[in-house]
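Report on the structure given below.
What follows draws every value from the coordinates through simple rules; no lab data is involved. The structure displayed is predicted, hence computed values, not measured ones. Quick reminder, even Gly has a Cβ in these numbers, built from the backbone with ideal geometry, and neighbours come from all protein chains shown.
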Amino acid sequence: MIIGILTAIIMVLWIFPTYLKAPEEYRLDKKFILKTILMGIVIGFIGAFIFQIIAGSIFTNIFKIPQTSLLYEILKAFIIFGLIEELMKFCAGSFSLKKSPFQSKFDYMVIFALAAFGFTLLETTMASSAGGPAGMLRALFPFHIMWQIFMGAHLYEYKVAKMNNDSKAMKKELTLAFAVPILMHGCCDFSTTLIGNAITLIQSTISTLDLIILIVPLIYILILIIFTIITEIRFYRYCKNL
């Protein structure tokens, strides 16, 4: 319970001050905000959980991929977590966006961020309670929210390109909107798995390979933290200049 409250406070501190920089007329209705967060919980988190169980069963029971294999870890990181979770957060954000009377770039970014907030509120609480590097990272840095802000911004640019009949820009923005969050999400989960395995191996014996397995994902996590900070700064400046 305490970890859940702290997680919520940390996420709010990342987003709320930035949101308040926007003019009051741009801010969403409080009921709409709560409904969007609820969509992130119901469609995003619970929906993703159901599809993850199905995908995991397909990989293990139909394709007979051992859960202890490297292939399964890759599939788990990039499909079970990365692909499914980002798509379900997209569905939650899109559902709320259709209910919004406004369709500005600000609305796209904030609505998708709120849907991700609902999703990550549950996931981060569970991950933090379980401990480990993944739990600590999610508690301190709202990766899910920043990925969805990024997705929302590029989905808006896709809409603009579509209105202008610019097929080249449409493909570019749609690719960025989905490929970057899904790949970064997959790499994040795979990196935390590698870090956990490397730490376990180093406790018994240290080799050059173990150190490489540890250092490479740590470098990526650092890049991801930088991406999160840069996205927050860009979002802050956008809200300030509205």
- Note on the structure: With the stretch 28-240 reduced to its Cα atoms and the Debye formula applied, log10 I(q)/I(0) at q = 0.08 1/Å amounts to -0.31
- Query: In degrees from 0 to 90, rounded to the nearest 10, what is the angle of the helix 47-57 Cα long axis to the longest principal axis of the chain?
  - Reply: 30
- Note on the structure: The summed charge of the G56 Cβ neighbourhood (under 15 Å; Lys/Arg +1, Asp/Glu -1) stands at -1
- Item | Among P101, L122, F112 - extreme Cα towards positive end, dipole of the chain, charges at beta-carbon | P101
- Taking K89 as the anchor, which aspartates and glutamates have their alpha carbon closer than 15 Å to its alpha carbon, excluding any fewer than eight residues away along the same chain? E123
- Message: Assuming 0.36 nm per residue, please report the length gained on full extension of the stretch I199 to I54 beyond their Cα-Cα distance.
- Response: 49.2 nm
- Message: Quick check on my link table: of K64/K172; K99/K172; K105/K168; K30/K171; K31/K168; K35/K240, which ones sit more than 31 Å apart, alpha carbon to alpha carbon?
- Response: K64/K172; K30/K171; K31/K168
- Give me the number: length gained by fully extending I226 to L13, i.e. 0.36 nm times residue separation minus the C-alpha to C-alpha distance, one decimal in nm. 74.9 nm
- Message: Among F63, F49, F190, which one shows the highest mean-square fluctuation when the chain is modelled as a Gaussian network with alpha-carbon springs under 10 Å?
- Response: F63
- Residue separation between E25 and K240 times 0.36 nm, minus their alpha-carbon distance, gives in nm 76.1 nm
- Note on the structure: Quick calc: nm separation of the 7 Å Cα→Cβ label points for T68 and F32 -> 5.3
